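What follows is a short report on a single structure.
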Amino acid sequence: MAVSFRRVGKYAALIALAAGVLTGAARIGISRFLSSSRGKAMVADRLGAALGMPVEVSEIDVGDANSSFRFRVMDPADPKAEVLNVPAASADVSAADLVTGRVAPSALKLANPSLTLRVGRQGQVRTPLPSLPATTGPIPAVVIEGGQIRVRQDGRPDFAVSGISLKLEPVGPAVVLSGTIDDPKWGRWTARGEVRRDARAGWVELTSPDAPLDAELLATIPFVPASLFDDLPDGGRAAVTVRLEIGPDREIVPTVEVRQTRRIFGIPSESTIRITPGSEHPNYDPLR
């Protein structure tokens with residue numbers, strides 16, 4: 001029996017139309033499920049399993065290749081204590097990835113995240129932190145825009161910094177950090193660093209060409225002895241470099257270099273000192 005090409009074309013068009021309708025319906029069904037309370041709970045479980053901490057998802061919008069969501073990370077020891085609040089996040093993750101659990105984004109963007117840490121009097125971090133990424137395998141590149149951090153250390157005023165814009169990019173066995181901090185009180189800083197995934201250790205360095213030497217601000221800096229900056233002149237400004245060495249046990253060892261220009265009998269005189277914590281008193285080492 002002869003079949004005309006016109007009829008075959010009509011059948012093919014009808015099949016394509018039906019497939020498109022079914023695919024669209026399936027996509028709408030998945031999107032509606034993920035937007036429901038059950039869907040948000042499922043996504044929260046997926047994120048919580050990846051981070052190793054409880055997660056609450058309040059909003060989610062999924063697409064064919066990208067998804068956006070709003071979530072909070074809570075302290076396992078205190079379900080009411082918020083560790084991380086992300087009002088807007090996006091990742092190259094599809095609805096199918098979220099439903100099947102195959103969530104492995106290559107890029108993650110966080111807008112205006114807020115991190116809160118609790119620190120003991122001796123500098124020990126009491127807030128549980130997310131699980132470190134595996135020593136092997138792919139991890140996403142992370143972009144942070146408009147971030148802020150607050151550290152509440154026992155016996156000190158809260159330390160707070162805003163205007164944090166960072167990039168964390170996987171480079172071989174390391175994660176490389178770069179970016180800036182632009183805070184109304186602390187001024188503008190450049191950030192860089194590197195964490196070795198295999199050694200579970202690394203460093204972060206912050207530099208400012210014109211940082212405030214304000215006693216009230218300096219007294220809030222966490223992880224360093226409260227007396228570390230006692231001998232610095234109050235009220236001046238200086239070029240400052242802060243380096244934090246992070247050990248595999250997450251111990252943080254700080255080093256601070258202060259380069260200040262003073263006038264002696266009207267003549268500018270520049271001096272640089274390195275400040276490191278000592279067993280009893282801070283160590284002040286002149287560099288030049």
**Study point:** For S58, net neighbour charge (Lys/Arg +1, Asp/Glu -1) across residues whose Cβ lies under 13 Å away
**Key:** -1
Review point. Among rounded, prolate and oblate, which fits the range 100-210 when a ≥ b ≥ c are the square roots of the eigenvalues of its C-alpha gyration tensor, a/c under 1.5 means rounded, and a/b larger than b/c means prolate?
Key: prolate
Review point. Per residue Cα convex hull volume for the range 112-286, in cubic angstrom?
Key: 126 Å³
Check your understanding: A201's amide H: which non-local residues (gap 5+, or another chain) put their own amide H closer than 5 Å, with H modeled 1.01 Å from N in plane and none for Pro or chain starts?
Key -> R196
Revision key, fill the gap. Q148 neighbourhood, Cβ < 14 Å, K/R = +1, D/E = -1, net charge -2
Exercise for review: Return the distance in nm (one decimal) between the two label points of a simple spin-label model at D249 and T276, each offset 7 Å from Cα along Cα→Cβ.
Suggested key: 1.8 nm
Review point. If we count every other residue with Cβ under 10 angstrom of D158's Cβ, Lys/Arg +1 and Asp/Glu -1, where does the sum land?
Key: +3
Study note, to complete from the structure: In order over the range 54-60: 3J(HN,Hα) from phi, Karplus 6.51/-1.76/1.60, θ = phi - 60°, whole Hz, x for each Gly or Pro, gives x, 10, 10, 9, 9, 9, 8
Study note, to complete from the structure: Expressed as a percent, the portion of alpha-carbon pairs in the range 150-252 spaced more than 18 Å apart is 55 percent
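Values quoted throughout were computed directly from the atomic coordinates according to the rules given, and no laboratory measurement underlies them. Not measured: the values here are computed from a predicted model. Glycine also receives a Cβ, built like all others from the backbone with ideal geometry; neighbour counts cover every protein chain displayed.
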